[in-house]
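Step one of this worksheet: look at the structure below.
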Amino acid sequence: MSTRTLIRGGLVVTAADEVHADVLIEDGRVAALAAHGSDAAAGWTADRTIDATDRYVIPGGVDAHTHMELPFGGTFASDTFETGTRAAAWGGTTTIVDFAVQSVGHSLREGLDAWYAKADGVCAVDYAFHMILSDVNEHTLKEMDKLVQEGISSFKLFMAYPGVFYSDDGKILRAMQRSAENGGLIMMHAENGIAIDVLVEQALARGETDPRHHGEVRKALLEAEATHRAIQLARVAGAPLYVVHVSAEEAVAELAAARDKGLPVFGETCPQYLFLSTDNLAEPDFEGAKYVCSTPLRPKEHQAALWRGLRTNDLQVVSTDHCPFCFTGQKDLGRGDFSKIPNGLPGVENRMDLLHQAVVDGHISRRRWIEIACATPARMFGLYPQKGTLAPGADADVVIYDPHATQTLSAETHHMNVDYSAYEGRTVTGRVETVLSRGEVVIDRRTYVGRAGHGVFTPRSTCQYLN
Ligand code: URP
Ligand code: ZN
Ligand code: ZN
């Protein structure tokens, strides 16, 4: 039976427009938008009407970088697909793109099937996958082609983490050459991991074991160098490139220079680099471990370049790199040796709110908020216009957002399966009120009414900025 939902009276904000419009939803999709008060909208009837007066009506967020249950440093990221996608919904994100992991010595297929199994039947909102390539060889290069056809059209390579995920320049070049042929997008973790490991060893030998040294050894110049090298390798291969979790001003400059040359090079940053800094890594009593991630947090001075990059489109996407590890029992694996602290921060629930705060603070406009958090990640990873916008035919992934409510972010109240908040005690203006995923209400005026298994795997086309 056909169900019709009507969202009345809100300000519809997309990457392109801001308009007082009513939204009609039918069978899980946006059926029509019409000016509020127009004859067309007045004539609509529905089974359910949601009053959005004084609220924004925005597309559900698309978080293109999460790591549910990622194995790392002898433990696993603490959010499962069930808890992580529920937290995503609470935070107004209705699609995640998670990283399936290929382990060395295994096929992409094995890694991908393990990820399908983890997510199957438990997700609250829709999900898609990228593939981490840890072992580039003749077989896995061929497998890349098949994955692109299956809707896994992006591949992460690591210039960091020697002995774990690391690929040398030759392997990177081969994977890029392959993606130039098959339409896949290479996503790069750009840090010179070989040089960093030398600096780690030297720091530990000097007795520098505290979390703040994580930030000191993973130097901005080694992020910039790797970013530059990745860009040159992509040029040689004739492939596009997407650099993940950019944190250093010098790396933004490399991306900007490449884009000024007209190269198909893209960059993503994350809320932690925009709102946190090495001051957090230096918090006493090992509290800095809560902020250990790679690329690392940088001195505050880098933030201006990241905001500028987001405004000038030298950076196009803000994702979370959500990769939570509990302070007790996980982060503390690295007491006495910062290099053993599992890398990653929680954030899937906080991204839309923190970026709205950036609107309030004047860093970005309202439409740019939606562009970098919804529309561009959807286009970048082949999900647009099914995801990332509100237009006839799009999935009815809709957030009713209260721009005036204030909230204090805290582990006491968040829904991520992790025992701390990276933003503990921070008050922000704006709050998710109601969330629909493909027309079904998942959060109803701040009550979770969704269900595990509503979210489905969503195959992706190739990057929509290249054709
Ligand atoms: O520290 C991080 N970013 N952990 C997750 C893995 C990665 O490199 O994205
Ligand atoms: Zn990474
Ligand atoms: Zn990541």
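Data overview
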{"item": "Selection from ALA258, LEU222, SER365, by position along the positive dipole direction of the chain (Cβ)", "result": "ALA258"}
{"item": "Mean separation of Cα contacts under 8 Å, 6 or more apart, over the residue count of the chain: relative contact order %", "result": "22 percent"}
{"item": "Selected from ALA87, VAL30, ALA15, residue furthest toward positive end of dipole (segment 15-147; charges at beta carbon)", "result": "ALA87"}
{"item": "Projected area averaged over orientations for segment 400-467, convex hull of C-alpha atoms, nm²", "result": "7.2 nm²"}
{"item": "Amide hydrogen neighbours beyond the local backbone of ALA32, cut-off 5 Å, H modeled", "result": "LEU24"}
{"item": "Under-5 Å amide H pairs with LYS156, H placed in peptide plane, nonlocal only", "result": "MET131, ILE132, LEU133, MET187"}
{"item": "About the Cα centre, charge dipole magnitude for the chain (Lys/Arg +1, Asp/Glu -1 at Cβ), debye", "result": "660 debye"}
{"item": "Relative contact order of segment 104-169, defined on C-alpha pairs under 8 angstrom at six or more residues apart (%)", "result": "37 percent"}
{"item": "Whole-Hz couplings from phi, Karplus 6.51/-1.76/1.60, listed for segment 281-291; x for Gly and Pro", "result": "4, 8, 4, x, 6, 6, 4, x, 4, 4, 10"}
{"item": "Quotient of C-alpha Rg and 2.2 N^0.38 Å, computed over segment 1-144", "result": "1.40"}
{"item": "Per-selection Rg to Rh, segment 69-224 - Cα, Kirkwood hydrodynamic radius", "result": "1.01"}
{"item": "Electrostatic dipole magnitude of segment 163-247 [Cβ: Lys, Arg +1; Asp, Glu -1; Cα centre; debye, to 20]", "result": "280 debye"}
{"item": "Cα-Cα separations in segment 304-395 greater than 18 Å, expressed as whole percent", "result": "58 percent"}
{"item": "Estimated dipole of segment 312-467 in Debye, rounded to 20 [Cβ of Lys and Arg +1, of Asp and Glu -1, Cα centre]", "result": "300 debye"}
{"item": "Positive-pole candidate from ALA203, ILE96, VAL292, dipole of segment 60-380, charges at beta carbon", "result": "ILE96"}
{"item": "By average C-beta atoms within 10 angstrom, highest first, the peptides 36-48, 296-308", "result": "296-308, 36-48"}
{"item": "Per residue accessible area in Å² of the chain, where ligands, DNA and RNA are left out and the probe is 1.4 Å", "result": "35 Å²"}
{"item": "15 Å Cα cut-off, lysine pairs counted over the chain (separation 8 or more, or different chains)", "result": "6"}
{"item": "Segment 203-352, Rg to Rh (Cα coordinates; Rh as Kirkwood inverse mean 1/r)", "result": "1.00"}
{"item": "Rh (Kirkwood; distinct C-alpha pairs) - segment 133-239, Å", "result": "14.7 Å"}
{"item": "Per principal axis, descending, Cα span of segment 321-467 in whole Å", "result": "55, 37, 36"}
{"item": "5 angstrom amide H check on HIS65, placed H, neighbours 5+ away", "result": "VAL97, THR320, ASP321"}
{"item": "Portion, in percent, of the accessible area of segment 130-203 that falls on carbon or sulfur, probe 1.4 Å", "result": "50 percent"}
{"item": "For the chain, share of DSSP beta bridges that run antiparallel, in % to the nearest 5", "result": "50 percent"}
{"item": "Protection-proxy order for peptides 87-95, 157-165, each taking the mean of Cβ atoms within 10 Å per residue, highest first", "result": "87-95, 157-165"}
{"item": "Cα convex hull volume per residue for the chain (Å³)", "result": "128 Å³"}
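The values are calculated or read from the model by the stated rules, or taken from the named source; none is laboratory data. Treat the numbers as computed from the prediction; the structure is a model and nothing was measured. Note that each Cβ is placed from the backbone with ideal geometry, even for glycine, and that neighbours are counted across all protein chains shown. Only protein heavy atoms, including side chains, enter the accessible area calculation; ligands, DNA and RNA are left aside. Shrake-Rupley method; radii C 1.70, N 1.55, O 1.52, S 1.80 Å.
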